[in-house]
Amino acid sequence: MRIGLFDGGRLGVVHDDVVHDVSALVDAPPSPEGPLAQAIRDGLGDIPLHVLERHPRVPLQDVRWEAPLPRPGKIIGAPANYFEHVDEMPDSSTVVEWGVFLKASTSVIGPGGTIRLPYRDRRTDHEGELAVVIGKTGRDIALDDALDHVYGYTCVLDITVRSTEDRSTRKSFDTFTPLGPWVVTADEVGDPGDLELRLTVNDEERQHSSTSKLIYGIPELIAYASSVMTLEPGDVIATGTPSGVGPIADGDVVVVEIDRVGSLRVSVSDVAAIPHADRPGPRTALRRE
Ligand code: MN
């Protein structure tokens, strides 16, 4: 099942070239987390076709998709989780040494959104990644049980400033986590360790790899992350990026596409970019005597 949010927070399921508006299945007031998060928590399973057909239909081509999870409880990231990406970075450590990191949940935007570059004089990079959406609460999840905790998969861009700050700062700017276009449930994706991923900037290929090359595969990421923090329905794990990471600039169009999952397109703007030295803090910071 392909399920997502469209046209102002409607909950939609794609069937062939039609989107069924199943918003009525979720009994919850509007909230920043959106109706899909609620549906996942409620244990919404596959919706049979005869049930789908009782709900309003919209032609797929007329739908404007939004982030399926606009405010996840947690966005967990995996640093340096492909050797080919480690080899292009200054440090040879991997996810095994780094562990995982967190991104601000307010950094999410949806398909068609705009990444806003924060600094004129600092490089900001694209990182195309497979995102795992957690379906079931768990702590200390065993490797063999890990995939039972997955609701589904979507595409994510883990946008990152290359600078001196901590990862959680460099990756948490508003607009730095494009997510979507929808979530494909785990049953429909099959083996998440065998998905081809491609990323283009202005139609030029920058990243092309497969999740078969992940150092920590999806089960290891879930088992490890849940040894640190309780995973909850609607949490998102960005699984790491392959090689080909590079800078994005004003006017760029970035597309990440993953087999059996979908394609996510966003644009880039520098209208709000400032010099790094002008950021709040340094000018008025206490200086050592
Ligand atoms: Mn990343």
Quiz prompt | Top-ranked residue in region 159-173 [being surrounded by fewer than 17 Cβ atoms within 10 Å (Cβ to Cβ) and not in a helix (DSSP H, G or I); ranked as farthest from the ligand (Cβ to nearest atom)] | solution = Thr164
Quiz item: Considering only region 6-22, how many residues are within 24 Å of the chain's Cα centre (by Cα) and surrounded by fewer than 17 Cβ atoms within 10 Å (Cβ to Cβ)?
Solution: 4
Quiz item: What residue, of Thr211, Thr185, Thr200, is of a type in the set (Val, Ile, Thr) and within 16 Å of the ligand (Cβ to nearest atom)?
Solution: Thr211
Self-check item: Filtered residue count, region 132-146, keeping only those that are out of contact with any Asp or Glu (no Cβ under 9 Å at 6 or more places or on another chain) and either under 21 Å from Ala67 (Cβ atoms) or outside any loop (DSSP other than H, G, I, E, B) (or both)
Solution: 2
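Here's the yes/no breakdown for (1) of a type in the set (Asp, Glu); (2) within 16 Å of the ligand (Cβ to nearest atom); (3) not in a strand (DSSP E or B):
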{"site": "Gly251", "(1), (2), (3)": "no, no, yes"}
{"site": "Val256", "(1), (2), (3)": "no, yes, no"}
{"site": "Ser263", "(1), (2), (3)": "no, no, no"}
{"site": "Val268", "(1), (2), (3)": "no, no, no"}
{"site": "Ala272", "(1), (2), (3)": "no, no, yes"}
Exercise. Determine the pairs where a residue that is at negative phi, located within region 169-182, has a partner that is aromatic (Phe, Trp, Tyr) with Cβ atoms under 9 Å apart, the partner being 6 or more residues away or on another chain.
Key: Arg170/Phe176; Lys171/Phe101; Pro181/Trp65; Trp182/Phe6; Trp182/Trp65
Practice problem: Could you tell me which residue of region 201-248 is surrounded by the most Cβ atoms within 10 Å (Cβ to Cβ), considering only residues that are farther than 23 Å from Gly99 by Cβ and of a type in the set (S, T, N, Q)? | Solution: Gln207
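Does at least one position in region 97-106 carry a residue that is away from the ligand (no atom under 15 Å from the Cβ), closer than 29 Å to Thr137 by Cα and not hydroxyl-bearing (Ser, Thr, Tyr)?
First, the residues of region 97-106 that are away from the ligand (no atom under 15 Å from the Cβ): 97, 105-106.
With closer than 29 Å to Thr137 by Cα added as a condition, the list becomes 97, 105-106.
Cutting the leftovers down to not hydroxyl-bearing (Ser, Thr, Tyr) gives us 97.
Yes, region 97-106 contains a residue that is away from the ligand (no atom under 15 Å from the Cβ), closer than 29 Å to Thr137 by Cα and not hydroxyl-bearing (Ser, Thr, Tyr).
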Quiz item: Within the group Pro29, Pro56, Pro90, which residue is touching an Asp or Glu at 6+ places or on another chain (Cβ under 6 Å), over 27 Å from Glu196 (Cβ atoms) and not small (Gly, Ala, Ser)?
Solution: Pro56
Quiz item: Of (1) modelled with pLDDT under 95; (2) under 24 Å from Asp174 (Cα atoms); (3) among the aromatic types (Phe, Trp, Tyr), Phe83 satisfies all except one. Which?
Solution: (2)
Quiz prompt | Residue tally, condition on the phi > 0 side of the Ramachandran plot and in a helix (DSSP H, G or I), over region 274-289 | solution = 0
Exercise. Identify the single condition in (1) within 14 Å of the ligand (Cβ to nearest atom); (2) under 29 Å from Met1 (Cβ atoms); (3) touching a helix residue (DSSP H, G or I) at 6+ places or on another chain (Cβ under 6 Å) that Tyr151 does not satisfy, given that it satisfies every other one.
Key: (1)
Quiz item: So which of Ser105, Ser92 is surrounded by 18 or more Cβ atoms within 10 Å (Cβ to Cβ) and without any contact (Cβ under 8 Å) to a residue 40 or more places away in the chain?
Solution: Ser105
Practice problem: Any chance you could count how many residues in region 229-241 are more than 10 Å from the ligand (Cβ to nearest atom) and outside any strand (DSSP E or B)? | Solution: 6
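The values are calculated or read from the model by the stated rules, or taken from the named source; none is laboratory data. Source: prediction; values computed, not measured. Cβ coordinates were reconstructed from backbone atoms using ideal geometry, including for glycine residues, and neighbour counts include every protein chain displayed.
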